[in-house]
Amino acid sequence: MPGIIVMGSQWGDEGKGKATDQLGDRVDFTVRYSGGNNAGHTVVVNGESYAMHLLPAGILNEKATPVIGNGVVIDLSVLFEEMDALIERGVDVSNLKVSSAAHIIAPYHRTMDKVTERFAGKRRIGTTGRGIGPTYSDKINRIGIRVQDLFDSRENLHAKVEAAIDQKNQLLAKVYNRRAIEADRVVEELLSYADRLKPMVTDTPRLLNEGLDAGKVVLFEGAQAHHLDVDHGTYPYVTSSNPTAGGACTGTGVGPTRIDRVIGIAKAYTTRVGEGPFPTELNDEAGEWLRTTGGEFGVTTGRPRRCGWFDALVVEAAAVANGFTDIFLTKLDILSGLDTIPVCVAYDVNGVRHDHMPMNQRDLAMATPIYEEVPGWHEDISGARSFEDLPIAARDYVKRLEELCGARISGIGVGPGREQAVMINDLL
Ligand code: GDP
Ligand code: IMO
Ligand code: MG
């Protein structure tokens, strides 16, 4: 089972970091393929918590080679800060490989992200403000700066930066009333990272494909999630990349024939950060209870996450479009203590029942959840290590979600710790 994708099936923060870590030292390469430091992936080992933004969470497993693929956008200051913080905690990061084709988040991308969000007012997306959208826009616009540009001549890099800031300076001055960006300063800053970055720059498609040829296990660690995907998500309330399974191929240079498993990570309830439709959102005590009990505050921005009950239509749509072979269900332990648990099994849109997510955003925005009440349980399940350790009601809840989502649930998270999981089917 050498090529495995781990990806989010809802709106992010499902526990991808923990699920990645779960695969442990059987993984040879751990690869980020999309997004940037908008992600926040938590891993808890021996009671110590690590939050990874740009580095793959699998970097904590010393046997695996960590890789940042071409589909990722890299803020170099964040990369080195994150590496230094891990080095300080005794984690070996010396083996990190970075694609020469990955795009760089420059200071002006962060500026553009912030000013456009502020300017949008009520129409804002609620981005993380990390410059993600503007960097991907430049990539698609063919005026991006790539890792390899830092190793070209200074003149060539300068010309590329000039091309990238030309229009932005007009906008900044005339629309946003901000100071112009100076190309010299940008070039200076980017080049200040070049020496440290150089030894990491690798022909990552070749590295990964040769690894697969040799039977190595490559884990593609998704950031964000299906419903934040720029093509498949709740557009325009999405991120600007493809966190979906196809993104693992375009974002690394590994063909679809080499992917053996796609594991969708799903939280046992639903959360979302930022703006956009969320049919099962709870703006009441129950939502507050989920947020407090589940500790639902953003790892990247600290924002309180919007919370609601499990929406089977959301995860089912992700399972279909990504070909999930398995689901890893996280945070089941958080639901202990409820008499019954509502599960959204369909939507009502203007009096019409929808058994699948509607294909138009306008319908989704007007969807009211139709709930099925599933019996809850009161036992603390954080110590469960096998399916049989779970109370019958918890087992039935899992089985019902499996039926509704159309993919087998192969693992269950019962706490944040590395050991707090129930495995039903081997993920490798
Ligand atoms: P990611 O972005 O998908 O990696 O998820 P985040 O790290 O942003 O958010 C998931 C949060 O839930 C983190 O604080 C994890 O430590 C925690 N977590 C993950 N799995 C479980 C679980 O099964 N039970 C509990 N209680 N916490 C979990
Ligand atoms: P992980 O990998 C949750 C959301 C933002 C915003 C939208 C666009 O930890 O699951 P962006 O800065 O990407 O342009 O913001 O996407 N978002 C996330 N929400 N988890 C994430 O990552 C996210 N990354 C981006 O809140 O709504
Ligand atoms: Mg997160």
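The values are calculated or read from the model by the stated rules, or taken from the named source; none is laboratory data. Predicted, not measured: the structure shown is a model, and the values here were computed from it. Methodologically, a virtual Cβ is constructed for each residue, glycine included, from the backbone with ideal geometry; neighbour enumeration extends over all protein chains shown. Note: areas computed on protein heavy atoms with side chains; ligands, DNA, RNA excluded. Shrake-Rupley method; radii C 1.70, N 1.55, O 1.52, S 1.80 Å.
Restricting attention to region 94-103, does a residue exist that is in contact with a strand residue (DSSP E or B) (Cβ under 7 Å, 6 or more places away or on another chain) and among the β-branched types (Val, Ile, Thr)? Write out each step before concluding.
So in region 94-103, the residues in contact with a strand residue (DSSP E or B) (Cβ under 7 Å, 6 or more places away or on another chain) come out as 95-103.
Subset that is among the β-branched types (Val, Ile, Thr): 98.
Yes - at least one qualifying residue is present in region 94-103.
Do we find that VAL299 is open to solvent by 20 Å² or more (accessible area, probe 1.4 Å) and not assigned by TED's automatic domain parsing to the domain that holds GLY126 in this structure?
Values: open to solvent by 20 Å² or more (accessible area, probe 1.4 Å): yes; not assigned by TED's automatic domain parsing to the domain that holds GLY126: yes.
Yes; evaluated as a whole, the condition is true for this residue.
The conditions are (1) surrounded by fewer than 22 Cβ atoms within 10 Å (Cβ to Cβ); (2) within 16 Å of ligand 3 (Cβ to nearest atom); (3) not polar (S, T, N, Q), and PHE328 fails exactly one of them. Which is it?
Going through the list (1) surrounded by fewer than 22 Cβ atoms within 10 Å (Cβ to Cβ); (2) within 16 Å of ligand 3 (Cβ to nearest atom); (3) not polar (S, T, N, Q), PHE328 breaks only (1).
How many residues are touching a Ser or Thr at 6+ places or on another chain (Cβ under 8 Å) and not β-branched (Val, Ile, Thr) if we restrict to region 66-95?
Residues that pass the stated criteria total 5.
Considering only residues that are under 20 Å from ALA101 (Cα atoms) and either open to solvent by less than 10 Å² (accessible area, probe 1.4 Å) or part of a strand (DSSP E or B) (or both), which ones fall in region 251-279? Before the answer, list the steps.
Step one: filter region 251-279 for residues under 20 Å from ALA101 (Cα atoms), giving 251-256.
GLY251, THR252, VAL254 - these are the residues of region 251-279 that are under 20 Å from ALA101 (Cα atoms) and either open to solvent by less than 10 Å² (accessible area, probe 1.4 Å) or part of a strand (DSSP E or B) (or both).
Only one of ILE87, ILE68 is of a type in the set (Val, Ile, Thr), open to solvent by 10 Å² or more (accessible area, probe 1.4 Å) and under 20 Å from ARG196 (Cβ atoms). Can you tell me which?
Result of the check over ILE87, ILE68: ILE87.
Pick from region 3-45 the residues that are part of a loop (DSSP other than H, G, I, E, B) and in contact with a Gly (Cβ under 7 Å, 6 or more places away or on another chain): which of them is nearest to ligand 2 (Cβ to nearest atom)? Steps first, please.
Just the residues of region 3-45 that are part of a loop (DSSP other than H, G, I, E, B), to begin with: 9-15, 23, 27-28, 33-34, 36-40.
Imposing the further condition that a residue be in contact with a Gly (Cβ under 7 Å, 6 or more places away or on another chain) reduces the set to 9, 14-15, 27-28, 33-34, 40.
Values: SER9: 11, GLU14: 7, GLY15: 9, VAL27: 18, ASP28: 22, TYR33: 12, SER34: 9, GLY40: 4 Å.
Looking at the filtered set, the residue picked out is GLY40.
Give the residue that is farthest from ARG303 (Cα to Cα), with candidates limited to residues of region 134-162 that are outside any loop (DSSP other than H, G, I, E, B) and open to solvent by less than 20 Å² (accessible area, probe 1.4 Å). Spell out how you get there, then give the answer.
First pass over region 134-162, keeping only residues outside any loop (DSSP other than H, G, I, E, B): 134-140, 146-151, 154-162.
Adding the requirement that they be open to solvent by less than 20 Å² (accessible area, probe 1.4 Å) leaves 135-136, 138, 147, 149-150, 157, 161.
On the way: THR135: 23, TYR136: 23, ASP138: 27, VAL147: 31, ASP149: 35, LEU150: 34, LEU157: 36, VAL161: 33 Å.
The qualifying residue farthest from ARG303 (Cα to Cα) is LEU157.
Pull out all pairs, ordered by first then second residue, where Cβ-Cβ is under 9 Å, the residues are six or more apart or on different chains, the first lies in region 14-31 and is away from ligand 3 (no atom under 16 Å from the Cβ) and at pLDDT below 95, and the second is outside any loop (DSSP other than H, G, I, E, B) and polar (S, T, N, Q).
From residues that are away from ligand 3 (no atom under 16 Å from the Cβ) and at pLDDT below 95, the pairs are LEU23/THR30.
Which numbered condition trips up PHE80, out of (1) open to solvent by 60 Å² or more (accessible area, probe 1.4 Å); (2) in the same structural domain as ARG306 (by TED's automatic domain parsing)?
With (1) open to solvent by 60 Å² or more (accessible area, probe 1.4 Å); (2) in the same structural domain as ARG306 (by TED's automatic domain parsing) applied to PHE80, the lone miss is (1).
Just for region 280-296: of the residues that are open to solvent by less than 20 Å² (accessible area, probe 1.4 Å) and over 17 Å from the mean Cα position of the chain (by Cα), which one is farthest from VAL345 (Cα to Cα)?
Only one residue fits best here, namely GLY294.
Does any residue of region 62-71 turn out to be assigned by TED's automatic domain parsing to the domain that holds ARG303 and either within 11 Å of ligand 2 (Cβ to nearest atom) or assigned to a helix (DSSP H, G or I) (or both)? Spell out how you get there, then give the answer.
Let us first name the residues in region 62-71 that are assigned by TED's automatic domain parsing to the domain that holds ARG303, namely 62-71.
Narrowing further to those that are either within 11 Å of ligand 2 (Cβ to nearest atom) or assigned to a helix (DSSP H, G or I) (or both): none.
Within region 62-71, none of the residues are assigned by TED's automatic domain parsing to the domain that holds ARG303 and either within 11 Å of ligand 2 (Cβ to nearest atom) or assigned to a helix (DSSP H, G or I) (or both).
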